[in-house]
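Below is one structure, written out as structure tokens, with a few remarks after it.
The values are calculated or read from the model by the stated rules, or taken from the named source; none is laboratory data. As the structure is a prediction and not an experimental result, all values here were calculated from the model. All Cβ positions, glycine included, derive from the backbone under ideal geometry; neighbour counts span all protein chains shown.
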Amino acid sequence: MTKNDIADKVGSATLLGEAEQHYAGALEDMMVMRRYFRDRTDISEAEIKRVSGNYIRATQTLFDERKKVEELSRRNAGIHHDHAIDFDSVRSEIGGLLDRLRAVRGPV
């Protein structure tokens, strides 16, 4: 792993951490807004329904984007279909297989 690879991974991890904090804060703000409108009596029912519909769509968008961030985080960690891939182990195993094939084949 090169110095740039490490820097990219650290930068990516930092960015993903920031995104997670952003999503958590946004969700908290949306919950506060929802409670605020639910307790209001001076706002028309139509306006409350409009704001509630916007809240529902915004919440769904937030969760969809959060899912994308989680998937990116898993992909960066080498996780595919809920299983981590140990690339060093795979490289070592393939290298060993190639060495055995070369030994069997003999000199060319």
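Here residue 1 passes the criteria (1) farther than 19 Å from residue 66 by Cα; (2) at pLDDT below 80; (3) assigned to a helix (DSSP H, G or I) except the one numbered (3). Please enumerate the residues belonging to the stretch 55-77 that are surrounded by 12 or more Cβ atoms within 10 Å (Cβ to Cβ) and either on the phi > 0 side of the Ramachandran plot or of a type in the set (S, T, N, Q) (or both). Answer for the stretch 55-77, where residues must be surrounded by 12 or more Cβ atoms within 10 Å (Cβ to Cβ) and either on the phi > 0 side of the Ramachandran plot or of a type in the set (S, T, N, Q) (or both): 59, 73, 76. Given the criteria surrounded by 12 or more Cβ atoms within 10 Å (Cβ to Cβ), touching a Leu at 6+ places or on another chain (Cβ under 8 Å) and at pLDDT 80 or above, does residue 16 qualify? When the stated conditions are applied, residue 16 does not pass them. Report, by residue number, each residue of the stretch 78-108 that is small (Gly, Ala, Ser) and modelled with pLDDT of 85 or more. Passing the criteria: 92, 95, 96, 103. A single member of 34, 50 is part of a helix (DSSP H, G or I), more than 30 Å from residue 77 (Cβ to Cβ), within 28 Å of the chain's Cα centre (by Cα) and of a type in the set (D, E, K, R), and it is 34.
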